[in-house]
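Following: one structure in structure tokens, then a few remarks.
Derivation of every value follows stated rules applied to the coordinates shown; laboratory data play no part. None of these values were measured; they are calculated from a predicted model. Reconstructed Cβ throughout: ideal geometry from the backbone, glycine too, with neighbour counts over all protein chains shown.
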Amino acid sequence: MGKMTDLNPDESFIDTNKLIFGIGQVQKITGVSGRQLRYWESQKYIAPIDQEKGVSRQYSLHTLFLIFHINRFIKKGFTLQAAVDHARQFDAQIPALRQFLRSQLKGVETGPNRTLLDLGYLNAEHAQRVYGVIDKTGETSFEIKDVK
């Protein structure tokens, strides 16, 4: 395995509020047509960034992800309303996931056959560390290793 890359949880992540996508980019990235996007806007499922008159629609990264997830649930057979509900529920969970990863992820070690995510100590005794494992096929699991 390669060297473990240490992560500093105090370092800021990229300011995603500054990542803006035009309607054409959103269509290419998500596969959702402009007509669908305008309909979803009319139903208040999504909203473009406030814009000047005459400027094409633009969307935040957050909205891009919401569009992606709505479309993903539709492809799984959900109605539009159910897809929106599921996408919003998923979206509501993201802050908790982000907070957990910021505080727990201590480093990443990559190798040819697997990647290890160092999730820190198992408990306050500091006798064992927990690792998330991603193998070369994409399967995931956990490992607990004794600290020497």
For HIS126, HIS62, HIS69, ascending order of other Cβ atoms within 10 Å (fewest first) is HIS126, HIS62, HIS69
Per DSSP, the loop-located GluC sites (Glu not before Pro) within the stretch 94-148 having at most 12 other beta carbons within 10 Å are GLU125, GLU139
Exposure proxy check on ASP118, ASP135: fewest-to-most Cβ neighbours within 10 Å is ASP135, ASP118
So which helices of the chain fit the span-like rule, where a helix is a whole DSSP H run, its Cα atoms reach 20 Å or more along the axis, and its mean Kyte-Doolittle is at least 0.5? 61-75
